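First comes the structure, then the notes that go with it.
Please treat every number below as a calculation from the coordinates, not as lab data. Here the structure is a predicted model, which is why all the values come from computation and not from measurement. Backbone-built Cβ (ideal geometry, glycine too); neighbour counts: all protein chains shown.
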Amino acid sequence: MAERSWHERSLEEALTQPALRAGLRRALGAGPLCDRCLGRLCAAVDSGLSNERRGQAIRRALDAAPPGKSCWLCGGLFFDVDAWVSRALAALEGWEFDTFLVASHTDPKIEDRENVLHELAGDHLAEPYKQEFNREVGARLCDATGAEPDFTHPDIVVIADHARGSVAAEVRPLFVSGRYRKLVRGIPQCRWAAWPSSVQQIIGDVVCEAAQGEDHLFHGCGREDVDVRCLGERPFVLEVVRPRRRRLDWAAIADRINHSGAVEVLDLGRCGADDVARIKMLRPDKTYRALVRLDDPVGPPCSERLAGLVGRIRQRTPTRVLRRRPDRVRWRQVRSIVWRQLDCRTLEMEVRTEAGLYVKELVSGDGGRTQPNVAGVLGADAECAELDVLAVHTEEPTATEKPQSSSATE
Ligand SMILES: [Zn+2]
């Protein structure tokens with residue numbers, strides 16, 4: 001006959017076992033125990049019962065005296081749950097949250113006594129006291145606040161310090177996702193002392209004010225240079241530190257940001273902490289528009305050679321970023337190029353590239369560090385006079401696409 005697990009058995013059935021009964025008698029003989037602390041020794045048996053009910057059933061089965069007004073194990077901690085719930089509610093006052101978690105700094109003295117009890121009675125069916133405490137206070141807070149428990153990413157963690165008798169609230173960040181467009185040149189993506197404004201500040205200051213947060217952090221799916229516009233939509237996650245409000249009017253916030261004229265946001269809303277890592281993992285292709293200025297005049301038959309740039313290029317870390325990036329060689333795909341000649345010294349190119357390709361250096365060649373390059377194939381010094389990100393291709397697969405190139409002349 002298959003052995004049933006402990007939590008499927010009734011406590012009455014389990015309590016017919018002499019070894020278990022003997023262990024529980026030793027526990028009761030060591031000093032007065034409350035029903036919860038007694039019942040917790042059989043926490044794994046009969047999942048439908050509370051530890052308090054288990055304790056009562058154990059006393060009946062062993063013909064033991066009813067519990068007194070003290071407990072040598074918890075020292076009255078479990079008589080005092082109302083007071084702990086009140087302290088928790090006071091710590092939560094003024095913070096808006098939808099999910100929470102109760103955690104405990106345990107009292108080492110209670111843990112020592114719990115170890116003694118487990119040696120007397122055995123611990124194979126027991127659960128730690130803090131587990132019951134957290135569950136009990138958590139259930140009461142659920143009822144009192146209407147918030148849901150969340151064991152992985154709670155909005156707020158209630159931390160009870162059993163030795164000190166205090167409760168603190170640890171407020172987790174508010175994560176906000178969206179996509180942004182940067183409509184002007186001359187602002188960096190992230191807050192930067194050398195610049196008066198940034199995409200981060202234009203978005204983050206508005207969200208942070210609405211959430212009554214203390215600060216914000218910005219996580220972009222890649223980033224464009226200060227002098228580059230991002231007309232395509234770039235995903236981001238904003239992290240608001242210690243927000244007092246979380247249920248925000250996203251449409252009103254987006255309106256205020258879009259009113260800046262410099263940055264626009266789309267699909268603004270709450271997201272999870274996991275989304276930071278998710279958008280950092282994305283390596284989407286980008287499509288750029290580059291305005292290319294040439295030192296020497298170049299005519300259409302010559303510019304046809306630009307088609308030869310489609311394919312794999314070899315790029316050493318650009319000179320301009322060498323101070324903050326290691327010097328190494330990357331191989332990156334140019335997926336497609338279309339261009340039109342504006343005059344004999346000016347070209348407008350639309351280039352689709354793999355993530356991580358430096359387009360300014362694809363144009364100039366960066367002293368031979370990027371090969372091949374626009375200047376090289378045209379036989380004239382070339383520089384990227386203007387650059388825009390036209391699209392961040394987060395939704396499309398890239399592996400199966402065929403390289404292509406074409407020219408358009410007006
Ligand atoms: Zn107790």
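Okay, here's what the table says:
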read-out	value
Per-bin percent of Cα-Cα distances, the stretch 174-281 [10 Å]	16, 53, 30, 2
Residues whose placed amide H lies under 5 Å from that of His216, excluding near-sequence neighbours	Val241
Mean shadow area of the stretch 210-250 over all directions, Cα convex hull, nm²	3.8
The stretch 84-145: Rg to Rh, with Rh as the Kirkwood radius over Cα pairs	1.09
Student exercise, the chain dipole from Lys, Arg, Asp, Glu Cβ charges, in Debye to nearest 20	940
Residue-wise HN-Hα coupling along the stretch 321-333, computed from phi with Karplus coefficients 6.51, -1.76, 1.60 (Hz; x: Gly, Pro)	10, 4, 5, 10, 10, x, 7, 8, 9, 10, 9, 9, 8
Rg/Rg_ref, the stretch 6-171, where Rg_ref = 2.2 N^0.38 Å and atoms are Cα	1.09
Under the span-like rule (Cα at least 15 Å along the axis, Kyte-Doolittle mean at least -1.0), DSSP H helices of the chain	18-29, 81-92, 108-121, 129-145, 199-211
Mean separation of Cα contacts under 8 Å, 6 or more apart, over the residue count of the stretch 6-171: relative contact order %	26
Length-normalised contact order of the stretch 174-281 in % [C-alpha pairs under 8 Å, at least 6 apart]	41
Pairs of lysines in the chain (C-alpha under 25 Å apart; 8 or more residues apart or interchain)	10
Residues whose placed amide H lies under 5 Å from that of Cys271, excluding near-sequence neighbours	Phe175, Val176, Ser177
Amide H partners (placed H, <5 Å) of Arg191, local residues excluded	Gln200, Gln201
P(r) tail fraction, the chain - alpha-carbon pairs more than 31 Å apart, %	59
Rel. contact order, % - alpha carbon contacts under 8 angstrom, at least six apart, the chain	13
